[in-house]
Amino acid sequence: MTRRHLLPLVTGAGALAAGFVLLGLGLALAGYDAPLAMSALWRGAFGSWDAFISATLVRAIPLICIGLGLAIAFRAGALNIGGEGQFLVAAIAATWVGLQVGGWPAPLAVTAVLAAAMLAGALWIAFPVLLKLKFGVLEVISTLLLNFVGEALVSYAVTGPLQEARHVYPASDPISVAARLPVFGGSRLHWGVVLAGIIATLLWLGFTRTAWGFRLRAVGLGSRAAATSGRIPVRRVLGSALLWSGALAGLAGGLEVSGVTYNLYQNLSPGYGFTAIAVALLARLHPFGVLATGVFFGALEAGAQGMQRDAGVPAVTVSVVEATVILIVLLVEARARSGWRFRPATELAP
Amino acid sequence: MSEAPALELRGIVKSFGSVQALRGADFVLAPGEVHALLGENGAGKSSLLHVANGMFPPDGGEIRVNGQRVVLHSPGDARSLQIGMVHQHFTSIAALTVAENIALSAGSHAARQGAFKRVSERALAPKLRADELSVALRQRLELLKALATGPRILLLDEPSAALAPSEIEALLAEVRQFAREGGSVALVTHKLPEVFAAADRVTVLRQGETVLHGEPVSTQTDVTLAEAMLGASGRGATPHDQNRRAGQVGAEVARIDDIVIRSGELIGVAAVEGNGQRELLRAVAGVERPGPGRVRVTPGTVGFIPEDRTTEGLIPELSITENFVLGRDHDPLWSRRGRIDWGAARRHTSTIIQEFEIRASGPDAAVRTLSGGNQQKLVLARALHARPSILVAENPTRGLDIRATAELRRRLQEAADAGVAVLVYSADLDEVIELGERVLVVYRGRVSEAPAGADRQTVGRLMLGVGT
Amino acid sequence: MNAALLATGFLAAAIRISTPLLLAATGELINERAGVINLGIEGGMLAGALAAAIAAAIAGPWLGVLAALGTGMLVSALFAAVAIGARANQIITGTAITLGSVGLTGAIYRSAFGVSGPALSIPTFQAARLPLLHAIPVLGPALFEQPVLTYVGWLLIPLAGWFLFRSWWGLALRACGESPVAARAAGVPVERVRMLATVAGGALAGLAGATLVLAQVGTFAERMTAGRGFIAIAIVVLGRWRPLGVLLAALLFGAAGALQFALQAMGLAAPYQLFLALPYLVALVALAGATRKARAPAALGE
């Protein structure tokens, strides 16, 4: 850990601490038993080995996957705010494929499901990419709007073509056993966690050791110089960065269906696409950092469930913590950029 | 003189970081006169005007307006003291109309509206958007904007930089008119002809100090002024010494229209802004696409030094090494099959840093910590390291001080001596004539070649299409 | 006769639906013209909606409007402090604000009223008839029998136009959006102007939320804005950053929303999710058509 890594770490830790202080204050002000709520939060996330494995880590996986995708996009300066929609659409694709591959050998079935999910995620962001490259539409808006369309699609799927056989609940049938990711021991933790770790490593190598990773960084920090002096095809780099981030968000959706829920229903995502933004930013776009922040925010979400259960605090409150974290990180860096020697969040440390 | 000077700057000292721009400069502007402030690039003329305009507080010295000591905290303060400034670079807003630009400068106070009305009547095309204007009209807009606040002191910072000789005439006429109506004008320039054409008195700055204090122009000559500007060994711009290096010119490496460019030549390109020289040169550099068939380049590496080094040449947030690799991320020196060996890249960069004497803390320093001159050296070093057959440079000495400028010119010459075909476009006509063993002129997108040994007047006329 | 009634009904619905969009978009127009793109507008709208619901339940719709205005201003002031005051990235700041607002409003609503608690009973704005005008056949009842807030929205358009293009401060604001450097050189206090523009935009976003609750839906629900704030941003682009264009674009989206009801009334068999997704798809297509030709303020987002 060099000195360059130290400063962002301190900022991150500080932002998290501030977020929690705010949460505690807010809870107290709202009349909740703040200590009870905070300890319920802790227990929900880290209270037991089982809590850690089956609640925290399980929730961390989609956050890590989407966050890694965002790391690619943000590094190139492309703002994919549509992770939510890409996740959902991929879940639809994963569910559909999962229902078809009953007779297949398990490894093949799982691969098919995950591949379909990644493809769906990439396709869902392909439209915004087209709009951006051909019409100059800001990808922020187009990816954002498609989130809502994705939600509508899920709603349609589970009340229509993919609805379970008895047509009672707005949910799909469970996918075939062959298409399900194996779990570890008796927990809910599935092999997706290994995949997440592998992807993080590959991405780190890619960012630090390849021309591809260098080009992403160059485009993100100086697209004009990258084009003129770097002779880099900026549009192609941006487009492919966005497509990859869509694919990884899609993978998250596939992993969720194939490893956790085994079926599709509404509100499948408690806002993973948005939380992943905080995950990526707090990790300063470092793939290994994303692993850490992903686990942390997974803990937050798991703890939130516990907090709701044991102390009656609505789980959705944690988005306030997430938002606070993002704002503080943004603030500190912006001040640092104008005042001190520092590196901006959309730039990578290694 | 019985009345107090309109503007008086005494003993102004100002440093920017480690660079000392002004070391106790004096300038005294009498009412109703046009007073030229002369000096080489980097002598401190612009800095002195900026101090007078309230943009930077001086580190030392005092400012007096109409005899009263004043302290200026902002251009707003200067404005309220009836000091107006015309900047070197266009500050009008492209999307707003001429009238809107003038109204904006006039300010919100109703009192200013009187001056605004008078000035807007002189605007030639009030409803046109600023970016639809020609360069000369845009410069005129700058002047009108400054006049809109009803100033009595006008500070002009190299107002003719982008204009052709006859357009400069028109501008100077306006300036003289302003002085005749009672205003005082400080005219910053580094062009001697303007001084004789328009000014009553002249002050010369050299390296941040005043070396000639407000002498009447009638007592000065080309020679005396040049000597003051450049020091004892100063001369005006003389055309490139044709005898310097005959017989080392090589094979053809490029062709623009029917003009041939050979390896080892140092060619200057002269043009008034907006005549298509940028597009043509960038086509040679492979950065832009030319019109069909106009530019032919024999296959090979072409180096490019863009005009704006911080947005097009370098990425300031990245390190020197990373910037060095920019554009060559597949070079076998540090790359194999898409992977980059940063250790090797760093080593090569360190060698370059030494070879080109780039002042930096190391190959990992961020480029934004380098001075302008060192940044430009990096851009040049990177371009040359790829062993190009052609090197295209756009205004390579822009914004550099005298020493950096001289060094860069020397390195360009060395590159040519080593066999690279060097094409240099500079908005500074004198630089083009001095550097280039051949001079190409671009007018309305068409290229022609000036006769060997052509002087300023000849080239200037070609730039305006006179006599073609 | 039936056709006339249908047309009137459709128009009336289109206008009613367009009002929150119009208000939010007008606000966003002001701050985008100053160079600020505020994605937190969705959050401001939602916060304003909740504030309006609670305040109105306590003391009537006009207090709801006041509360919404204040809340919208607060949310956008927070955004302004980070994005303009500290110069952080405007897009990410706005996204964070919206994220936080969704969470906060959800948390407050749930803790106050429970997940499936009784809907708030909120006094709403009834349609206000404009004398004489509302008697015009077909158009009259549609245009001139709207809640007061709709008329407010319409009034704001010529006001915005006058301000932006006929006043010196409007010129200064536009200068901030085109070239903050040049504006500063001309003496315009760029940061202050941008912050004021953003807060004004936030007030209108809050008002839009109030309209949604008090003049359209009649109650509050979590995430009820459903991306209307983002659609408002698309409306600004579609309207080419001009007040009249914004009005027309907002009406277009109102029509798209009204279409949903009309088609369902006509018995068209299509899944309701299609209508749900329609506004967003329309926005995307419209953006594709508009962005190329539209000239955004040159310094937007910087």
Spacing of the two label points (7 Å from each Cα toward its C-beta) at A:Arg309 and B:Thr221, in nm: 9.9 nm
Alpha carbon convex hull of the stretch A:71-184, volume per residue in cubic angstrom: 124 Å³
Spatial extent of chain B: Rg and Dmax, with the Cα atoms as the point set, Å: 23.8, 80
Mean Kyte hydropathy of 0.0 or more with a Cα span along the axis of at least 20 Å, helices from DSSP in chain C: C:2-33, C:41-59, C:61-80, C:90-113, C:148-166, C:190-212, C:243-265, C:272-293
Residue-by-residue Karplus 3J(HN,Hα) for the stretch A:148-165, coefficients 6.51, -1.76, 1.60, Hz, glycine and proline x: 5, 5, x, 4, 4, 4, 4, 4, 4, 4, 7, 10, x, x, 9, 5, 4, 3
Positive minus negative residues near C:Ala221 (Lys, Arg vs Asp, Glu; Cβ under 14 Å): +2
Partners for B:Lys45 among lysines (Cα-Cα distance below 20 Å; same-chain residues under 8 apart left out): B:Lys14, B:Lys191
DSSP beta bridge pairing in the protein assembly as shown, given as percent antiparallel to the nearest 5: 55 percent
At least 15 Å along the helix axis (C-alpha) and Kyte average at least -1.0, DSSP helices within chain B: B:135-147, B:165-180, B:342-355, B:372-385, B:402-417
Reciprocal mean inverse distance between Cα atoms of the stretch A:62-298 - Kirkwood radius, Å: 17.8 Å
Helical contribution to [θ] at 222 nm, DSSP H n ≥ 4, -39,500 (n - 2.57), averaged over chain B, rounded to 500: -9500 deg cm²/dmol
Intensity falloff of the stretch A:1-141 expressed as log10 I(q)/I(0), Debye formula with alpha-carbon point scatterers, at q = 0.17, 0.18, 0.19, 0.20 Å⁻¹: -1.12, -1.13, -1.15, -1.17
Relative contact order of chain B, pairs being alpha-carbon contacts under 8 Å that are 6 or more residues apart, as %: 16 percent
Reachable lysines, given that their alpha-carbon falls under 26 Å from the alpha-carbon of B:Lys117 and they are not under 8 places away in the same chain: B:Lys127, B:Lys145
Kirkwood-based shape ratio for chain C, expressed as Rg/Rh from alpha carbons: 0.98
Set of lysines with alpha-carbon distance to A:Lys132 below 19 Å, sequence-local pairs under 8 removed: C:Lys293
Cα lying deepest toward the dipole's positive end in the stretch A:62-298, options A:Ser172, A:Ser187, A:Gly250, charges on Cβ: A:Gly250
Along each principal axis, Cα extent of the protein assembly as shown, largest first, Å: 102, 76, 59
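Since every read-out is calculated from the coordinates, none of them should be taken as a lab result. Being a predicted model, the structure only gives us computed values, none of them experimental. Counting neighbours? That spans all protein chains shown, and the Cβs are built from the backbone with ideal geometry, glycine included.
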